Amino acid sequence: MTDQKGILFVLSGFSGAGKGTIMKSFFEQYEGFVLSISATSREPRENEQHGVHYFFVTREQFEERIRTGNLIEYTEYQGNYYGTPRDFVVENLEKGLDVFLEIEVEGAENIRKQYPDAVTIFVSTPTPQELQKRLRGRGTNTEEQIRGRLKRAVEEAKIIDNYDYLLINDDLDECVRALYEITQTEHRRQSRNPQFDEWFRSELTQMLEAEE
Ligand code: 5GP
């Protein structure tokens, strides 16, 4: 008689902080969670697959999705649309699965308004120097692009305090374990188990009556 509905978890973080790697490792290790696959109008990168990393659509297709209310939230980020498909999230939460969204800060803000019960988590590197190092280490961005991402991080850092949890990605395994612990702690919140007290009292009363 404990909680039945899934929890919506939102993971945001600086570009280069390792959100994707954390999610990958997390989903390899733990069951009962699903990752929402976003729609985007950006071009696929090498190794990215439609329906696995994103649903890659044209701007026109994306705008059609906006019009039909198909997205819970969407944003324009660096010239491309990104959005969270509604049905997948709603259906899985109803089924009792925890749903993860890996989205940027504006999207997280939007989710917070619509789902006050959602749990928001911000991922950072231990230091700015480490962030710069990781962005350079990726080898996929020019120095100018890296500077752009770091400048954006200055803005994003202003709203870290809107998040419920701060996850420092120093050691990957430790970070993934900490994330799992957050999910379990959230399930134990009394407020997420609203029927437990009623159920317990009724069972207890019946038990005592039967013994009389
Ligand atoms: P990238 O192009 O590097 O895959 O993603 C750029 C940013 O968009 C990342 O911060 C990522 O978390 C964010 N993002 C991905 N999908 C969504 C989405 O559905 N909604 C929002 N608001 N942001 C998203």
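The values are calculated or read from the model by the stated rules, or taken from the named source; none is laboratory data. Because the structure is a prediction, the values reported are computed rather than measured. As a convention, Cβ positions derive from the backbone with ideal geometry for all residues, glycine included, and neighbour counts pool all protein chains shown.
The table below gives the values:
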quantity	calculated
Filtered residue count, region 60-84, keeping only those that are more than 8 Å from the ligand (Cβ to nearest atom), surrounded by 12 or more Cβ atoms within 10 Å (Cβ to Cβ), within 27 Å of Arg152 (Cβ to Cβ) and of a type outside the set (A, V, I, L, M, F, W, C)	5
Candidates Thr205, Thr183, filtered to the one that is of a type outside the set (A, V, I, L, M), within 14 Å of the chain's Cα centre (by Cα) and in a helix (DSSP H, G or I)	Thr183
Qualifying position, being β-branched (Val, Ile, Thr) and at pLDDT below 95, among Thr2, Thr84	Thr2
Selected residue (criterion: farthest from Gly32 (Cα to Cα)) from residues of region 68-104 that are free of Cβ contacts under 8 Å to residues at least 24 places away in the same chain and of a type in the set (Asp, Glu)	Glu76
Filter result (exposed (fewer than 13 other Cβ atoms within 10 Å of the Cβ), over 14 Å from Thr21 (Cβ atoms) and either touching a residue at least 40 places away in the same chain (Cβ under 8 Å) or among the charged types (D, E, K, R) (or both)) within region 150-176	Lys151, Glu155, Lys158, Asp161, Leu166
Residues of region 130-145 satisfying the condition of being farther than 25 Å from Asn162 by Cβ and without any contact (Cβ under 8 Å) to a residue 24 or more places away in the chain	Lys133, Arg136, Gly137, Gly139, Asn141, Thr142, Glu143, Glu144, Gln145
Which numbered condition Ser15 fails, given (1) among the polar types (S, T, N, Q); (2) without any contact (Cβ under 8 Å) to a residue 40 or more places away in the chain; (3) part of a loop (DSSP other than H, G, I, E, B)	(2)
Condition met for Arg147 (surrounded by 12 or more Cβ atoms within 10 Å (Cβ to Cβ) and out of contact with any Gly (no Cβ under 9 Å at 6 or more places or on another chain))	yes
Top-ranked residue of region 29-49 - restricted to ones that are more than 24 Å from Gly139 (Cβ to Cβ) and more than 10 Å from the ligand (Cβ to nearest atom), ranked as surrounded by the fewest Cβ atoms within 10 Å (Cβ to Cβ)	Glu31
